[in-house]
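This report refers to the structure that appears directly beneath it.
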Amino acid sequence: MCAYNRRLKRRADDYTHGYCRTAEPDSYRPGTEKPPEGVPMKQAKILATAVATVLAATTLSTPAHAAETAPVAEAAPVVEAAPVVEIEAGDDGFTAPATHTGGPTSFRVNSTATGDLGSMIGLVRLNPGTTPASFADHLGKVFSGDPEVAVPAGNALMDEAELLGGAQSHPGRTTTFTARLRPGTYYLLDYLDFEDGTPPGPEALHELTVRTERHHGHAPRPGAFVGMSRTPSGPRFHVAPRLRAGAPILLTNHMKQVNEAIFVPVRPGTTRADMQEFWDAAESGEWVEPPFAGAPVGTPPLSHGQSVVLQAPLEPGRYALITWVFDLTDGVRLGAKGMYELVTVR
């Protein structure tokens, strides 16, 4: 198993057993093995890791004729699932608990919002010295269409807080994200509150106090992986071309800036050239028909080195994996630099 595959499997094991380590350096070091025909090298490695994970978790059945002589196997230990925090979100805000115990925790986002984008609930932890008012001010500016405003605000956010991902959800399509909580103060928020119109103040941040006592639940074992990094060709997602519907997805941000990962259904026949045409037009302020054909689901921004396990209602079909985030080095959208992938969910 190559070094990067080992790192991915270790991260999956860490999440399953309640740990969360810092991501590896902002680079990928491919080995020499040849990927399957038509599958890029990096994607093939991630796919191989996912397959190895599934095989490792699968128990071989005993042939019927050997049942009489084979010793009776002990039952596998029951793995306790991470506790679930219910979040009810809608057009008038959302409700969530004020306290919780430490350890891997799943946040199940149920939305009744009537907007096309549903609800996008995120989890953040402010760095020492950062006030909720300062964080809310910079977050509102990040959604400015002007890179001269959004880029400095985005860089300020990286200094002020750890963005721990979250979940975008729609009515009837519950999405769950799992993160590891340490004792201290966190905040939940709906990113869409900051995207449209006049950004709200710190009152839009819901304080969540994590107590010192810990629970012993485990995060869902991922069945798919999404990496984000900068490569010699530009910023890229790393994901297998085919995903299994319903499989938990482990997303890790290796970029030295915040970034999101959003799955959007696309029209039949959509190609990478169509995607690039859309992003080029968006970057230049022109209008072309978007290749998208449905409601988006995914995770809002993750800080560098952070991971989250996402359980999203991805139905079988073809999707684009995209980000709307600016490159914080020059103000160009990451999508315009080729950060998108086309995947099939089966």
- What number of residues within the stretch 229-275 satisfy the criterion of being more than 17 Å from the chain's Cα centre (by Cα), polar (S, T, N, Q) and not in a strand (DSSP E or B)? 3
- Item | Residue identified as modelled with pLDDT of 95 or more, under 15 Å from the mean Cα position of the chain (by Cα) and either under 25 Å from residue 106 (Cα atoms) or not charged (D, E, K, R) (or both) among 344, 323 | 323
- Message: Go through (1) surrounded by 13 or more Cβ atoms within 10 Å (Cβ to Cβ); (2) in a strand (DSSP E or B); (3) of a type in the set (Asp, Glu) for residue 213 and report which single condition fails.
- Response: (1)
- Message: I'm trying to understand the selection: among the residues of the stretch 160-187, which are without any contact (Cβ under 8 Å) to a residue 60 or more places away in the chain, within 17 Å of residue 125 (Cβ to Cβ) and surrounded by fewer than 18 Cβ atoms within 10 Å (Cβ to Cβ)?
- Response: 184
- Given the conditions (1) buried (at least 19 other Cβ atoms within 10 Å of the Cβ); (2) on the phi > 0 side of the Ramachandran plot, and given that residue 285 satisfies all but one, which numbered condition is not satisfied? (1)
- Could you please tell me which pairs satisfy a Cβ distance under 6 Å, a separation of 6+ or placement on different chains, a first residue in the stretch 107-131 that is farther than 18 Å from residue 179 by Cβ, and a second residue that is outside any strand (DSSP E or B)? 111/118; 111/171; 112/171; 113/91; 114/91; 117/192; 130/160
- Note on the stretch 102-120: residues touching a helix residue (DSSP H, G or I) at 6+ places or on another chain (Cβ under 9 Å) and in a strand (DSSP E or B) are 104, 119, 120
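Could you please find all residues in the stretch 139-159 being surrounded by 22 or more Cβ atoms within 10 Å (Cβ to Cβ) and not small (Gly, Ala, Ser)?
Filtering the stretch 139-159 for residues surrounded by 22 or more Cβ atoms within 10 Å (Cβ to Cβ) gives 139, 142, 154, 157.
Across the stretch 139-159, the qualifying residues are 139, 142, 157.
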- Task: Filter the stretch 113-134 down to residues that are hydroxyl-bearing (Ser, Thr, Tyr) and surrounded by fewer than 16 Cβ atoms within 10 Å (Cβ to Cβ), then give me how many there are.
- Result: 2
- Note on the structure: Considering the stretch 204-249, residues that are at pLDDT 95 or above and of a type in the set (S, T, N, Q), and then whichever is farthest from residue 131 (Cα to Cα), we arrive at 233
- Query: Taking residue 294, is it closer than 22 Å to residue 173 by Cβ, small (Gly, Ala, Ser) and either surrounded by fewer than 20 Cβ atoms within 10 Å (Cβ to Cβ) or without any contact (Cβ under 8 Å) to a residue 40 or more places away in the chain (or both)?
  - Reply: yes
- Message: If residue 311 meets every condition in (1) surrounded by fewer than 21 Cβ atoms within 10 Å (Cβ to Cβ); (2) over 11 Å from the mean Cα position of the chain (by Cα); (3) not basic (Lys, Arg) apart from one, which number is that one?
- Response: (2)
- What number of residues within the stretch 188-210 are under 21 Å from residue 85 (Cβ atoms), surrounded by fewer than 18 Cβ atoms within 10 Å (Cβ to Cβ) and of a type in the set (Val, Ile, Thr)? 1
- Query: What pairs come up if the first residue lies in the stretch 135-156 and is within 20 Å of residue 283 (Cβ to Cβ) and without any contact (Cβ under 8 Å) to a residue 24 or more places away in the chain, the second is among the hydroxyl-bearing types (Ser, Thr, Tyr) and crowded, with 16+ Cβ neighbours inside 10 Å, and their beta carbons are under 7 Å apart, counting only those six or more places apart or on different chains?
  - Reply: none
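For the stretch 125-146, how many residues are part of a loop (DSSP other than H, G, I, E, B) and among the acidic types (Asp, Glu)?
1
The values are calculated or read from the model by the stated rules, or taken from the named source; none is laboratory data. Being a predicted model, the structure only gives us computed values, none of them experimental. Ideal geometry is used to build each Cβ from the backbone, glycine not excepted, and the neighbour counts take in all protein chains shown.
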